[in-house]
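This report refers to the structure that appears directly beneath it.
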Amino acid sequence: MAVNWEELKRQFEEKIACADSLNAIEQVRIDLLGKKGQISALMGQMKDVPNELKKEFGMAVNTLKQSTEKMLGEKVEQLKAAAIAQQLKNESIDITLPERTRHYGTLHPLTIVQQKLEDIFMEMGYEVWEGPEVELDFYNFERANIPADHPSRDMQDTFYVDVTRLLRTQTTAIQMRVLEAKASDLPIKVVCPGKVYRKDDDDATHSHQFIQMEGLVVGENITLGDLKGSLELIARSMFGRERQIRLRQSYFPFTEPSLEIDVSCHICGGKGCPTCKNTGWIEILGAGMVHPHVLEMAGIDSAKYSGFAFGVGIERVAMLKYGIDDIRNFYTDNISFLETYKRFE
Amino acid sequence: MIVTYNWLKQYMDLSDVAPEYLAEKITDGGHEVESWHYQAVGSNLVIGKVLTCVPHPDSDHLHICTVDTGEDVRQIVCGAPNVAAGQKVIVALPGCKLPEGEIKSGMVRGQQSDGMICALFELGVDKHYLTEEQLSGIEVLPEDAEVGNKEVLKYLGLDDVIYDVSLTPNRADCYSMWAFAKDVGAILGKKVTLPDYRYNTELQKADLTVRSETDKCPYFYGKVINHVEIKPSPLWMQQALNAAGVKAINNVVDISNYVMLETGQPLHFYNLAKIPAREITVKTGLNEMYTALDGVQYHVSEDDIMITTQGKAIGYAGIMGGDDSKIDDETTGIIIEAALFNLVSIRNTSRRLDLFTEAATRFAKGIDPLAAEKAVERSTQLLIELANASGIEETVICGDPGYLERKIETTAEQINTLLGTEFTDSQIYGVFESLDFQPKSAGRKITVSVPSYRSNDVKVWQDLSEEVIRILGYGNIVSTLPKMPTTQGALARDGAEKRTIRAMLNGYGLDEVMTYSLVSQAKIDEGVLSIGEPVRIANAISEDRRYFRTSLLPSLMDVVSYNQARNREEYGLFEIADVYSDDGRQASHLSAALSSATTSSKWQKISENNDFYTLKGIVLSLLDKLGYENSRIGFRVPEKENEVLHPNKSAEILLDRSVIGIMGVSHPLYNRKYDVDTCNLLELDLSAVLERKKGKIRFTTVNRYPSINYDLALVVREEVSGADIVNTVKKAAGSLLKNVEIFDVYRGASIEEGCKSVAVSVVYQSAEKTLKESDIADIHAEVLRQLSGKLGAKLRD
């Protein structure tokens, strides 16, 4: 009995190649290698092969079996890979569809500015102090060198509660408390942020409630030059390294001399633009050397100690920094407005 | 405060000082020039004469005029109703730039027109100072106006420059043009010469009684001038007053205003004939109606300082005189008043009457104690000169300015130390000299005498340092940093905790808001975590802002409502702010509002429902983060119902058994009140939280042994709470209990009516060994026994 082994191998090869799925290849495997498959059938023919040819026949069947197994294995791997490839293809998504939003909240822009200022001052060794918004006339005015008949009470329309209490009109009230608390624990180096209230009608540039931050430094030999140097550092931290400052004469009852501080415009760099009203300068801080009466009233020897103080409006800084044109935005809390400020900066 | 270039020019040489430069220097010297402008403008003007004037054939109001301009005769079409042949007029020639635009030659309804005949307002003159006649027609110049004169503005006295200066409260002295000129002189380094107001007239013995019955009028100067002649004041005075914003009336009234502007001392002139008793008494306590010279009737209140004669009010002291005794064309004699009235009183009366006159402004800011005398003398001199005054009596003075000249001693070193400058003795001395402080030096010491008009402001040597630096210039200051011991920066009390809270809530998606502290009575009443009785503002702007808030949620509801009205249905908001009570307590509160859903993907339809438990999770994690572990926190049904929260979906939050906050789902009626959808609300008393002791971070060995987990399905009655089950398990299980957790709550067909099935996971773990079932058999049996015994719980089959 002659078997054409080459032909058989070719037939097997063709069957395997034709299988186009894992199911089909399994059927081919059963047909070829199963108990009742073609290879088994050939094995069954062994008994009819003459003895001298048995060895040769056996080797040929074995070779055919091995090559078949090899071909089947390769084909299975091939089909599995194709199946995975097909699965992946089927699973493809449109990556341009919208994400599942991870919403994160925002700090209020005034908090952002206040915290940034607090950080600048803390790095310079200032302690942050707060105080009551419902304040005594004593700390808001009397101690700040503004007695009852003082003309500058006209400058600040005050919300009064009764004869002794009012809503503080200036964070100077906190400074006066600090002076008293630390009179025997000098030097003083503090900033005092907080809400203040003035009897103003609300419009684009006025608010009956706003936030101030004042700073106070008291020690031996503190000079107006020290004030200028300190404010220069602060202006640069807030508005950029290139900023210059300019001092102008002003008046506050609790400082002498008193100054307005202008910062060179951060928008145009001083060339002139609508933000600085074409002056190149932006008025941003009030400041001065602490009035000797203010020190004396708090129990500090004004012959030995001197100090400087300064104040800034948080809304004003935020409006300048972000180009906000209406102060009422801060208190209307339109979420779209607030969320403008959520990014780290 | 209005200051004019021409006025200052009377006192010093300004020939090398341009108007713009003057504005800059005044500002640098500490008096901010807020704005400045030319009184009138017009570059190519000439005085002309109208030769002929005929109606325009194609118009019912235009005229065709021929005008002689001195150099030529030209045709001009003019629309003014009052134009007529023979008039001397102001002609704007082609090329002339006026506020409204440039004049050009052209055709007007078919007629050539080579210029414009002008009205004053067309030259930019403030309409406030013009008469009806001047506003409705061209300006007709006097007969003697010289045709061909091109200096028209100068001819009109309209060539002035007007500065609007913002004076700081300490420099009220500059409401006197004389004091202001002194200051400008010092700033510019110019010699200032003020008018000499001596006069040479024999005075009659005074026939006038002046009394003050109130301490609100410390002194009063009165002077009778028996004869004056009323007529228009000279052009120079009218022009000066107009430029300064004061309307010219007649010579006598104009003098009172002019001298007030010069000296800063408000003056009042009474018609002598209307005070026949020749008696003036200043008093308070009147209560009557009174007609002031503006013709308006005012109700006099008892605190108002009044000028009276024979018990009858004739003037609001320091604010406005009476209609009855005012100077009119018939006046033949006057009484001059120059006095001091209490500034607080004047301020209050002015405010009540809403009557802020030039006089009241000056009194309210404080005046030179020696100005009364100067003003009386200067007025007398001008009355003699300009109103033929005669029968001049001696001045009658009641009270006394009590003025003592102040001397202050300082040294250059002292001033330089404060300023951080290196000015020389002579620079500093020079500043004092220029300001008329009459410095005297002895060794290194400089002693100055403060002029009376600066006595309200310059009191100590530090004030002198300000004079030095503002006159020598702030540009001289070199930047340095304080030389002092190093100090450590620190946040305010609770500052770090508040920053943590903000960051955490931001992480949960909540936006921070800020709202107004002042609220209405209604908002106070809504408070669910009120600190107490509210602080009431006595002089509130409106009832909407009458109280300082005692809690925060009602304000936050406005923000929710505002945003929802703008289609923001999903939001998370919070605010941290302080609340106050009338009895002096203060606390920081936190309010939060969370919409009932948070959608993360619309097209995938993924949306998280936010409810009571969402907010509860936020509260617990927040408190945990701050150092208050969940075992210290409790929730209980609020004792009192409120209009804000759903009565059965709200809780008081307890920390160590005391209430620190309240939270819950919004009440349906409250939603309707603010027109919002159901949301979740929270208010926490942060101060009450943060004053409690915080848990510390402590290392514990990581447990290496496996745990054993039992799941129990219990059936309990509805009223048994989750906390009841958890607490019972905790108590019964003892120290081997690692965790107990409810993982399912079920009500349904297979469960008896009025009951619910609660699935609980109980985890046991030992720190010492691997637990065997037998180790915890007894414990677990005890857990089941107590659940059954205390709560009536049955194991579900």
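The values are calculated or read from the model by the stated rules, or taken from the named source; none is laboratory data. Quick caveat, the model's predicted, so the values are computed rather than measured. In this analysis, Cβ positions are derived from the backbone assuming ideal geometry, glycine residues included, and neighbour counts consider all displayed protein chains.
On the basis of being among the acidic types (Asp, Glu) and in a strand (DSSP E or B), does B:GLU570 make the cut? Reasoning before the result, please.
Working: among the acidic types (Asp, Glu): yes; in a strand (DSSP E or B): no.
Criteria not met by B:GLU570.
Is it true that B:TYR163 is more than 14 Å from every other protein chain (Cβ to nearest Cβ) and in contact (Cβ under 8 Å) with a residue 40 or more places away in the chain? Break it down into steps so the answer makes sense when it comes.
Details: more than 14 Å from every other protein chain (Cβ to nearest Cβ): yes; in contact (Cβ under 8 Å) with a residue 40 or more places away in the chain: yes.
Criteria met by B:TYR163.
Restricting region A:250-269 to residues that are closer than 18 Å to B:GLN462 by Cβ and not in a strand (DSSP E or B), which is farthest from the other protein chains (Cβ to nearest Cβ)?
Per the criteria, the residue is A:PHE254.
Conditions first: (1) under 25 Å from B:TRP461 (Cβ atoms); (2) crowded, with 23+ Cβ neighbours inside 10 Å; (3) of a type outside the set (S, T, N, Q); (4) away from chain B (no Cβ under 14 Å). A:ALA298 passes all but one, so which condition is the exception?
So the condition that A:ALA298 fails would be (2).
For residues in region A:197-218 being at the interface with chain B (Cβ under 8 Å from one of its Cβ atoms) and at pLDDT 95 or above, which is surrounded by the fewest Cβ atoms within 10 Å (Cβ to Cβ)?
Filtering first and then ranking leaves A:HIS208.
With respect to the numbered conditions (1) under 25 Å from A:PRO292 (Cβ atoms); (2) more than 10 Å from chain A (Cβ to nearest Cβ), which one is the sole condition not fulfilled by B:ASN456?
Only one criterion is unmet by B:ASN456, namely (2).
Would you say B:ALA565 is farther than 20 Å from B:ARG502 by Cβ, in contact (Cβ under 8 Å) with a residue 60 or more places away in the chain and within 37 Å of the chain's Cα centre (by Cα)?
The answer is yes for B:ALA565.
Report whether or not B:THR421 is closer than 28 Å to A:ARG248 by Cα and part of a loop (DSSP other than H, G, I, E, B).
Against the criterion (closer than 28 Å to A:ARG248 by Cα and part of a loop (DSSP other than H, G, I, E, B)), B:THR421 qualifies.
Select from region B:471-500 the residues that are in contact with a Lys or Arg (Cβ under 8 Å, 6 or more places away or on another chain) and either assigned to a helix (DSSP H, G or I) or of a type in the set (A, V, I, L, M) (or both) and list them in ascending order.
B:TYR474, B:ILE477, B:VAL478, B:MET484, B:LEU491, B:THR500
Kindly provide the set of residues from region B:609-634 that are in contact with a Lys or Arg (Cβ under 6 Å, 6 or more places away or on another chain) and assigned to a loop (DSSP other than H, G, I, E, B), ordered by number. Spell out how you get there, then give the answer.
Initial filter on region B:609-634 (in contact with a Lys or Arg (Cβ under 6 Å, 6 or more places away or on another chain)): B:612, B:627.
Answer for region B:609-634, where residues must be in contact with a Lys or Arg (Cβ under 6 Å, 6 or more places away or on another chain) and assigned to a loop (DSSP other than H, G, I, E, B): just B:GLY627.
If you scan region B:16-69, which residues turn out to be in a strand (DSSP E or B) and within 31 Å of the chain's Cα centre (by Cα)? Spell out the reasoning first.
In the first step, residues of region B:16-69 are kept if they are in a strand (DSSP E or B); the result is B:32-38, B:45-55, B:63-68.
If the condition is that a residue be in a strand (DSSP E or B) and within 31 Å of the chain's Cα centre (by Cα), then B:GLU32, B:VAL33, B:GLU34, B:SER35, B:TRP36, B:HIS37, B:TYR38 are the ones that fit.
Criterion first (of a type in the set (Lys, Arg), over 30 Å from A:ARG328 (Cα atoms), in contact with a Gly (Cβ under 9 Å, 6 or more places away or on another chain) and surrounded by 17 or more Cβ atoms within 10 Å (Cβ to Cβ)) does B:ARG454 satisfy it?
In short, no.
Which of the strands (runs of 3 or more DSSP E) found entirely inside region B:141-257 contain at least 3 residues meeting this: within 27 Å of B:ALA92 (Cβ to Cβ) and among the charged types (D, E, K, R)?
Result: empty, no element qualifies.
Against the condition out of contact with any Ser or Thr (no Cβ under 9 Å at 6 or more places or on another chain) and either farther than 25 Å from B:GLN381 by Cα or surrounded by fewer than 16 Cβ atoms within 10 Å (Cβ to Cβ) (or both), how does B:LEU235 come out, does it pass?
yes
Looking only at region A:226-249, count how many residues are surrounded by fewer than 21 Cβ atoms within 10 Å (Cβ to Cβ), within 9 Å of chain B (Cβ to nearest Cβ) and of a type in the set (Gly, Ala, Ser).
Number satisfying all stated conditions: 1.
Give all pairs with beta carbons closer than 7 Å in which a residue from region A:170-185 that is closer than 17 Å to A:PRO292 by Cβ and at pLDDT 95 or above meets a residue that is of a type in the set (D, E, K, R) and buried (at least 17 other Cβ atoms within 10 Å of the Cβ); count only pairs at least 6 apart in sequence or on separate chains.
Listed pairs, sorted by first residue: A:THR172/A:GLU214; A:GLN175/A:GLU214; A:MET176/A:ARG143.
Please find, among A:GLU345, A:GLU315, the residue that is among the charged types (D, E, K, R) and surrounded by fewer than 17 Cβ atoms within 10 Å (Cβ to Cβ).
A:GLU345
Going residue by residue through region A:85-108, is there one that turns out to be more than 14 Å from every other protein chain (Cβ to nearest Cβ), surrounded by 13 or more Cβ atoms within 10 Å (Cβ to Cβ) and touching a residue at least 40 places away in the same chain (Cβ under 8 Å)?
no
Determine if region B:519-528 includes at least one residue that is part of a helix (DSSP H, G or I), touching a helix residue (DSSP H, G or I) at 6+ places or on another chain (Cβ under 7 Å) and within 14 Å of another protein chain (Cβ to nearest Cβ).
no
Listed residues B:LYS407, B:LYS459; which is closer than 30 Å to A:THR223 by Cβ and either among the hydrophobic types (A, V, I, L, M, F, W, C) or modelled with pLDDT of 95 or more (or both)? Walk me through it before giving the result.
Values: B:LYS459 fails: either among the hydrophobic types (A, V, I, L, M, F, W, C) or modelled with pLDDT of 95 or more (or both).
Just a single option satisfies the conditions, and that option is B:LYS407.
Scan region B:88-139 for residues that are in a loop (DSSP other than H, G, I, E, B) and not hydroxyl-bearing (Ser, Thr, Tyr) and report the count.
21
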